[in-house]
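The structure under discussion appears below in the form of structure tokens.
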Amino acid sequence: MRKVLIVFGILAAALAGGQALAANYKFDIEGQHAFVNFKVSHLGYSYIVGRFNRFDGSFSHDPKDPSASRVSVEIDAASLDTNHAERDKHLRSPDFFDVRRHPRITFESTGYEGSAEAGTLRGQLSFLGVTREIEIDLRKVGEGKDPWGGYRSGFVGATRLVAADYGLPEWLGEVDIELNIEGVRTGGSS
């Protein structure tokens, strides 16, 4: 009986230790250390660059088991900003983003392949009533303690979407998305 209890104790400690390796992070929106930017061709001559000013998200990251990483993001579509008020008004209209009917853009990860430093994040992007699987190339920027007693982890990511896949005008072509995400740890340990 004593051997059974010792084995059970070792298993419980191992499982608890394994669970403690994953760390949960909340995007640092308040500190303005997270950005969702986009770039789309303008008539084939140059690019229009913009961003979303209001979004939120979280991620779970385990350096010992990167495949267990998870990401969830929700973007306020009306917060689209290309630094040109009239263009932004038109982009929010039914001609493009139709923000009244489709106020949110969401992403939920479904898997990750790669190392703790770089890899490919797969997930479901829901936008304009369409949900499609996309892949985001990720690279870890760094992690560690911050001056305020917290712990942070940061990543950059990039993906390319075909505008017509989401019901946007075909002539827009491809849209490049760039993510710069810094998260503040909320639970677990790394």
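Could you check region 159-190 and list, in sequence order, the residues that are surrounded by 14 or more Cβ atoms within 10 Å (Cβ to Cβ), within 26 Å of residue 114 (Cα to Cα) and among the small types (Gly, Ala, Ser)?
Those that are surrounded by 14 or more Cβ atoms within 10 Å (Cβ to Cβ), within 26 Å of residue 114 (Cα to Cα) and among the small types (Gly, Ala, Ser): 183, 188, 190.
How many of the residues in region 118-136 are loosely packed, with under 13 Cβ neighbours inside 10 Å and outside any strand (DSSP E or B)?
1
Out of the residues in region 137-158 that are surrounded by 14 or more Cβ atoms within 10 Å (Cβ to Cβ) and of a type in the set (Lys, Arg), which is farthest from residue 25 (Cα to Cα)?
Across region 137-158, the extreme among qualifying residues is 140.
Residue 85 fails exactly one of the following numbered conditions: (1) farther than 24 Å from residue 171 by Cα; (2) without any contact (Cβ under 8 Å) to a residue 40 or more places away in the chain; (3) hydrophobic (A, V, I, L, M, F, W, C). What is the number of that condition?
(1)
Tell me which residues, restricted to region 144-185, are part of a strand (DSSP E or B), free of Cβ contacts under 8 Å to residues at least 24 places away in the same chain and of a type in the set (Gly, Ala, Ser).
Of everything in region 144-185, those that are part of a strand (DSSP E or B), free of Cβ contacts under 8 Å to residues at least 24 places away in the same chain and of a type in the set (Gly, Ala, Ser) turn out to be 144, 158.
A quick yes/no check of all residues on (1) touching a Phe, Trp or Tyr at 6+ places or on another chain (Cβ under 8 Å); (2) more than 23 Å from residue 69 (Cα to Cα):
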position	(1), (2)
125	yes, no
136	no, no
146	no, no
157	no, no
163	no, yes
172	no, yes
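Looking only at residues in region 65-84 that are hydroxyl-bearing (Ser, Thr, Tyr) and at pLDDT 95 or above, which one is nearest to residue 128 (Cα to Cα)?
Here the answer is 79.
Under 7 Å between Cβ atoms, which residue pairs at least 6 apart in sequence (or on different chains) link something in region 91-108 that is closer than 22 Å to residue 179 by Cα with a partner that is of a type in the set (Phe, Trp, Tyr) and assigned to a loop (DSSP other than H, G, I, E, B)?
From residues that are closer than 22 Å to residue 179 by Cα, the pairs are 91/97.
May I ask you to say which residue of 117, 108 is over 11 Å from the mean Cα position of the chain (by Cα) and within 20 Å of residue 25 (Cα to Cα)?
Residue meeting the stated conditions: 117.
Which ranges mark the strands (runs of 3 or more DSSP E) fully within region 43-83 that have 3 or more residues being among the charged types (D, E, K, R)?
In region 43-83, 70-76 are the strands (runs of 3 or more DSSP E) which contain 3 or more residues that are among the charged types (D, E, K, R).
The values are calculated or read from the model by the stated rules, or taken from the named source; none is laboratory data. What you are looking at is a predicted structure, and each value in this text was computed from that prediction instead of being measured. Glycine also receives a Cβ, built like all others from the backbone with ideal geometry; neighbour counts cover every protein chain displayed.
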